[in-house]
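Report on the structure given below.
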Amino acid sequence: MVFGEMAVIDRAPRSAMIVADSEVVCDALKLEDLERLGVTHPGIKIKLLEALSLCLCRRLRIANRKLSVFD
């Protein structure tokens, strides 16, 4: 599961909050670390941003389908 990806793309404050129903392990990638990754391993940063973009596209398509029932 990915969350916080919109803030990575547009640098705006996060638009939502997430709460776990049970104990979880969560890895975080700070924006500064992503920028540093772009210097040391630019190909990895590109792949990561592509994956985040695909995730956003999937979520937007789902939201569009849900909204289409109101047409």
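Rule-based calculations on the coordinates, nothing more; no lab input. Worth saying up front: this structure is predicted, and the values here are computed from it rather than measured. Because the Cβ atoms are built from the backbone with ideal geometry, glycine has one as well, and the counts that use them run over all protein chains shown.
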Options (i) 13.5; (ii) 18.3; (iii) 14.2 - which one matches Kirkwood radius over Cα pairs in Å as calculated here: (iii)
Extension gain from Asp21 to Leu34, taking 0.36 nm per residue of separation minus the Cα-Cα distance: 1.8 nm
Size of charge dipole - region 5-68 - debye, nearest 20, with Cβ of Lys, Arg +1 and Asp, Glu -1, no other charges: 420
